[in-house]
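See structure below.
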Amino acid sequence: MYIVLLGPPGAGKGTQAQRIAAATGLLHISTGDMFREHVKNNTELGQLANQYMSRGELVPDEITIRMLLERISRDDAQAGAMFDGFPRNLAQAIALDQALASRGARVDRALLITVSDEELVNRLSGRWICRQCGRLYHQQNDPPQKPGICDTCGGQLYQRDDDKPEVVRERLQKQKPPADLIQHYRQAGVLREIDGQRPLDEVTQALLEAIK
Ligand code: AMP
């Protein structure tokens, strides 16, 4: 089964993807995490991607699609996967469709998580991430037991550069799922809209229902 999670930055794609992966065993593929890993390791791709990421812009399709196609060609992605943060536009969706079609698969569900702009700014500026295991927290909605320390692995929590308020506003403007992308999945009959403004557990339940 192949699933894509759609929604603006801060809709909860990353958090929900981690929960769905834990509940279903589906492989979680996040292009944002992959880029951040490259930035951390200071690879050539990381240096290139960071020029866009630090400004809240999308990394060009050519780079992103190549990285994603390489990822899904590996053995662990043959039975299915959940994509978080990909596709961000129609060109990326078409590239994914073609790659899956070539192995007799398709996107089975596109889950669109909806949240108001006001709530998104609040969420993004309160977000913290574990440097060691990548677990996500939120200052108000989902805080760690000890401030600054990960409950799961004891790692240090940090705030993403692109979660700073100025960059957050940029990202919201430039990175909402475009109408033609949503329409693409609606036409294919696989789109499900989920109200992301409810408590975390309720959203997880609704998402799990939608992929049953
Ligand atoms: P995310 O963790 O999904 O919010 O992604 C963080 C940043 O990585 C984004 O602001 C983009 O600069 C870049 N990025 C992640 N996924 C994509 C994608 N599918 N296409 C282009 N850029 C991406």
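The values are calculated or read from the model by the stated rules, or taken from the named source; none is laboratory data. Computed from a predicted model, the values in this text were never measured in an experiment. Quick reminder, even Gly has a Cβ in these numbers, built from the backbone with ideal geometry, and neighbours come from all protein chains shown. Note: areas computed on protein heavy atoms with side chains; ligands, DNA, RNA excluded. Shrake-Rupley method; radii C 1.70, N 1.55, O 1.52, S 1.80 Å.
Just a few scattered comments:
- Efficiency of FRET between residue 201 and residue 161 - r from beta-carbon atoms, R0 25 angstrom, step 0.05: 0.25
- With protein chains left intact and a 1.4 Å probe, residues in the chain average 51 Å² of accessible area per residue.
- Accessible surface of the chain, 1.4 Å probe: 49 percent of it comes from carbon and sulfur atoms.
- Estimated FRET transfer efficiency when R0 is 22 angstrom, pair residue 174-residue 40 (beta carbons, to 0.05): 0.40
- For the range 128-207 versus the range 90-116, the spacing of their alpha-carbon centroids is 19 Å.
- The trypsin sites (Lys or Arg not before Pro) of the range 56-135 that DSSP puts in a loop, and whose beta carbon has at most 14 other beta carbons within 10 Å, are 74, 103, 106, 131.
- From helices alone, the chain scores -13500 deg cm²/dmol at 222 nm; the rule is -39500 (n - 2.57) for each run of n ≥ 4 DSSP H residues, then divide by the residue total.
- Spin-label pair residue 145-residue 183: with each label point 7 Å from Cα along the Cα-Cβ axis, the two points sit 5.1 nm from one another.
- Backbone N under 17 Å from the residue 78 label point (7 Å along Cα→Cβ), restricted to the range 1-32: 1-2, 27
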